[in-house]
1. Could you list, in sequence order, the residues of segment 210-221 that are crowded, with 24+ Cβ neighbours inside 10 Å and not polar (S, T, N, Q)?
2. Can you tell me which residues in segment 429-449 are in a loop (DSSP other than H, G, I, E, B), among the hydrophobic types (A, V, I, L, M, F, W, C) and exposed (fewer than 15 other Cβ atoms within 10 Å of the Cβ)?
3. Does Ser296 satisfy being of a type in the set (S, T, N, Q) and either open to solvent by 10 Å² or more (accessible area, probe 1.4 Å) or in a loop (DSSP other than H, G, I, E, B) (or both)?
4. Which numbered condition in (1) in a helix (DSSP H, G or I); (2) out of contact with any Pro (no Cβ under 9 Å at 6 or more places or on another chain); (3) closer than 26 Å to Lys212 by Cα is the only one that Ile54 fails?
5. With respect to the numbered conditions (1) over 18 Å from Ile455 (Cβ atoms); (2) surrounded by fewer than 23 Cβ atoms within 10 Å (Cβ to Cβ); (3) at pLDDT 90 or above, which one is the sole condition not fulfilled by Ile370?
6. Can you say whether Ala311 is in a loop (DSSP other than H, G, I, E, B), touching a helix residue (DSSP H, G or I) at 6+ places or on another chain (Cβ under 7 Å), within 23 Å of Asp71 (Cα to Cα) and not aromatic (Phe, Trp, Tyr), as far as the supplied structure shows?
7. Of all the residues that make up segment 399-422, how many are over 23 Å from the mean Cα position of the chain (by Cα) and assigned to a helix (DSSP H, G or I)?
Amino acid sequence: MALYWFVLLPILAAITSYLLHLKYNKYLLLFFQLGFLGFAIMNMIKVKTNGPIIQTIGHHPLGVGISFQSDMISALLVLTTIFIFTLLILFNSHKPYMTHLFLFLFLILQGLINGIFLSNDLFNIYIMVELSSIVVSILIIFKKDSKFVYDGILYFLTNLGAMTLFLLGLGFIYRIFGTMDMTQIQESMLTIQNQEVLLVPFVLLMTAASLKSAVMPLFSWLPKAHCTASAPSIISAVLSGLYVKGGIYLFIRISNLFSYSFDVHLLFLILGFSTAIVGIIFALSQQDIKLILAYSTISQVGLILFGLSTANIYSYFGAVYHIFNHAVFKTALFLIAGIIIENYGTRNIKDIRGLAKKIPFVAIVLPLAIFGITGAPLFNGSVSKYMLQKGSTFSSLYEVGFAIINLGTITIFVKFASILFGESSEKIKLLWNQKVALIFLTGICFIGGIAGPSIVSFLFDFDFIIYPMDYLEKLLLYMGQVILTLLFYRFLDHRMRWFASIREIELSFNQIIGSMFVFLTLFIAYMTFIM
């Protein structure tokens, strides 16, 4: 199947579904998604067998037609996108707001996200990101509560500002290379004698990618977009589990594109660590369970960026595998948060108690997702974090930084897990479709752990082994970190009065745009005077 069908098929399905208004629309779309998932699996097998695929629309030469590329990373991201969208449609199939219009927008978003992952043309990526920003803005305010329209507008305008910088960078790129095709640009990089002419477009593109990834200090837009009360829980799951990965993927593609000219590993190593720590601090200060999850996403983005920037092959592939892992367990966590909010009528973690007695099924799957994100042995996060840690051992400073980040993640989710305990007078059963979706997601958290080395070997042709003694060491370390966290909540948490002040920090649109230009200015200064 031609790669552009991964973009067009969901859009065509969305249009057909919206125009026909069939009675069993959601179930027909589920069958479509299952077939679509099969195409994604076939694409991955084809890439694994034959290597990366590059295609142009209309079979024109590169640089003339719009080109698409599928390598193992993009194939994995497309497969993950389709898989998660399928489960989200199943999970919410009983909801009254799953109207023809909602499904129309939801499927279009799926196609656009696939387009971001597959596009090999920089201008096409720009178009995909802009269109997806419009769709996301509408979905954020889909419940039409005027109180939260501001969040949707803020999200759209902030991303519009970032992509304006991206477009300016494209202007410089086209002037220098005469093409937007990344394959041709990379081939021409070696012919540029004066590398300084590439500095401005590189900084513009990387600033846009950094904002889309919610890198420190460009993360203030993310909690509003992911946690506004007018957004359905599956939209929060898509944004935090999948859509933010588009920014990370842009970071990977752009940094690889300019790798011959600029080495910014140290800068983004520092930014990754800073992003992770700030995300942890903000998450710990929150009382809203969705905001806790949103800020933990910022922290996980920092961890991924940290791994990508250590210039070590173990950390690099560990970070890539963690992108997939985070998509799975963060989607599960946001869906569980939606169930909790719906049944408790509150988002305040202090008012949510007795989950194990009130919703027993959620009390089973929630720990599995938490084990995944905290890197408990035998779960998927432990494999990616093992690789990240192994890649950081060449520097004691890097290893300490990784340990601090992981301890912070455990601290966040020990707090989150407190909702399991306490008394509850009534018991609630979930619908079968919700159970099936959560079983698949949390099941992968476990399968991705016990089969993690084999999965990484298959995906990236990168062999590594986790020995039984490694698991024992990780188990002891994990238990020690949990004990430290429990001591923190026993003796120190109530003394952290400055957490309340951090909770009140909220940047306006002007401040967000201002921080973007400060980032841009300091980035240029670093590239000019320090690097």
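The values are calculated or read from the model by the stated rules, or taken from the named source; none is laboratory data. All values derive from a computational prediction rather than experimental measurement. Note that we place each Cβ from the backbone using ideal geometry, even for glycine, and neighbour counts take in every protein chain shown. Just so you know, the surface numbers come from the protein's heavy atoms only, side chains and all, with ligands and any DNA or RNA stripped out. Shrake-Rupley method; radii C 1.70, N 1.55, O 1.52, S 1.80 Å.
1. Leu211, Lys212, Ala214, Val215, Leu218, Phe219, Trp221
2. So in segment 429-449, the residues in a loop (DSSP other than H, G, I, E, B) come out as 429-431.
Now drop any that are not among the hydrophobic types (A, V, I, L, M, F, W, C), which leaves 430-431.
The answer is Leu431, and nothing else.
3. No: the conditions fail for Ser296.
4. Condition (1) is where Ile54 drops out.
5. Failing condition for Ile370: (2).
6. Yes; evaluated as a whole, the condition is true for this residue.
7. Quick first cut of segment 399-422, residues over 23 Å from the mean Cα position of the chain (by Cα) only: 399-400, 418-422.
Those still in the list that are assigned to a helix (DSSP H, G or I) too: 399-400, 418-420.
Residues in segment 399-422 being over 23 Å from the mean Cα position of the chain (by Cα) and assigned to a helix (DSSP H, G or I): 5 in total.
Residue-by-condition table, conditions (1) surrounded by fewer than 14 Cβ atoms within 10 Å (Cβ to Cβ); (2) within 15 Å of Ala376 (Cα to Cα):
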position: Asp470; (1), (2): no, yes
position: Phe488; (1), (2): no, no
position: Trp498; (1), (2): yes, no
position: Ser501; (1), (2): yes, no
position: Ile505; (1), (2): yes, no
position: Ala525; (1), (2): yes, no
